[in-house]
Amino acid sequence: MSDKHFYEPQKGHGLAHDPFNAIIAPRPIGWISSQSKAGELNLAPYSFFNALNYTPPIIGFSSVGAKDSLRNIQETGEFCWNLVSKPLVDAMNQTSKPLPPHESEFEISGLHTVDSNVVSVPRVKESLVSMECKLTDIVQLKDAQGGLVNSWFIMGEVVGVHIDNSLIEGGVYQTLKGEPVMRGGGPGDYYSISEANYFELLRPQ
Ligand SMILES: Cc1cc2nc3c(=O)[nH]c(=O)nc-3n(C[C@H](O)[C@H](O)[C@H](O)COP(=O)(O)O)c2cc1C
C-alpha cells in the first residue's frame, strides 16, 4: 500500500474535508476595492490572489462565480489592492458578506475610503499599504477538456503604490511590520508571520 493519499478531484477527495485550500496555504489576501460605473463602492477579500510579475508589476485574483468586484472591474477597468494587517482582520471578514451592489462594505465594516492618485477607485484608508491597479486581463477559467468554468481570473498592472512610512526602514520595506494576514484551509483558519518564522536562503549563483 502506498504511503501517499492519492485522489482525483473529479472523483472526490475521500477525506473529512477537502484538503486543496489547506495545501495551497497560507495564501496572501487580495483585499480588493472597486467601483461600478454608477459609483457604487465595493470591497471584498480574495485569497486566490498573488503577485504575477515584476516589471511592470502585475497582480491577479480569482473570482469564484461572477461577483460584484468582477462586474465593477469589467465596467471601469480599475481596482485597488489593500493590505490586510492583523488589526484589520475583523473588518476584512465583514467585507466578505454578500451585500446588494448599492450597499457598501466600507460602511458595514466601519472602514473609510481615501482617494487614489492615478485611478478613480478609492483605497482603504486604514490599510498601511495599497496598490492602485489598471485592468490588464480577465480570463474565464477552463477545465482540462476546455469547458468553461464559472470562475474568472482578473489581472491588473500596478500603477501606484502607497506605503505607510512606518513600514520603510533604511529604504527597505519591512514585511513583518505590515503584519500581513494569510488564509489557511478551513473556514476560520488564518495565519500571521513573526520574526521566529524568518530564515534566509540565498539563490545558488
Ligand atoms: C479571507 C477570504 C478570502 C476569500 N477569497 C475568495 C476568493 O479567492 N475568491 C472568491 O471568489 N471569493 C473569495 N472569498 C469570498 C468573497 O470575499 C465573498 O464572496 C464576497 O462577498 C465577494 O464580494 P463582492 O461580490 O463584493 O465582490 C473570500 C472570503 C474571505 C473571508
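Taken together, the values in this text are just the output of simple stated rules run on the coordinates, not laboratory data. Small disclaimer: the values here were computed from a predicted structure and weren't measured. Cβ: placed from backbone, ideal geometry, glycine included. Neighbour counts: every protein chain shown.
What tally of residues in segment 188-205 results from selecting those that are in a loop (DSSP other than H, G, I, E, B) and surrounded by fewer than 10 Cβ atoms within 10 Å (Cβ to Cβ)?
Within segment 188-205, residues that are in a loop (DSSP other than H, G, I, E, B) and surrounded by fewer than 10 Cβ atoms within 10 Å (Cβ to Cβ) number 10.
I'm trying to understand the selection: among the residues of segment 1-58, which are within 15 Å of the ligand (Cβ to nearest atom), touching a strand residue (DSSP E or B) at 6+ places or on another chain (Cβ under 8 Å) and in a loop (DSSP other than H, G, I, E, B)?
25, 26, 29, 36, 47, 48
Scan 69, 120 and give me the residue that is outside any strand (DSSP E or B), more than 14 Å from the ligand (Cβ to nearest atom) and hydroxyl-bearing (Ser, Thr, Tyr).
Every option except 120 fails the conditions.
Which residue pairs have Cβ atoms closer than 8 Å, lie 6 or more positions apart in sequence or on different chains, and pair a first residue in segment 14-33 that is farther than 24 Å from residue 134 by Cβ with a second residue that is within 12 Å of the ligand (Cβ to nearest atom) and among the acidic types (Asp, Glu)?
22/189; 25/189
Could you list, in sequence order, the residues of segment 76-106 that are within 13 Å of the ligand (Cβ to nearest atom) and assigned to a helix (DSSP H, G or I)?
Selection gives 88, 89, 90, 91, 92, 93, 94, 105, 106.
Of all residues in segment 168-187, count the ones that are in a loop (DSSP other than H, G, I, E, B), farther than 30 Å from residue 16 by Cα and either over 16 Å from the mean Cα position of the chain (by Cα) or more than 16 Å from the ligand (Cβ to nearest atom) (or both).
So the answer is 4.
Residue check: is residue 160 of a type outside the set (S, T, N, Q) and surrounded by fewer than 12 Cβ atoms within 10 Å (Cβ to Cβ)?
no
Return the total of residues in segment 135-162 being over 19 Å from the mean Cα position of the chain (by Cα) and either in a strand (DSSP E or B) or not hydrophobic (A, V, I, L, M, F, W, C) (or both).
The total comes to 7.
Considering only segment 113-157, how many residues are closer than 18 Å to residue 75 by Cα and β-branched (Val, Ile, Thr)?
Of the residues in that region, 7 qualify.
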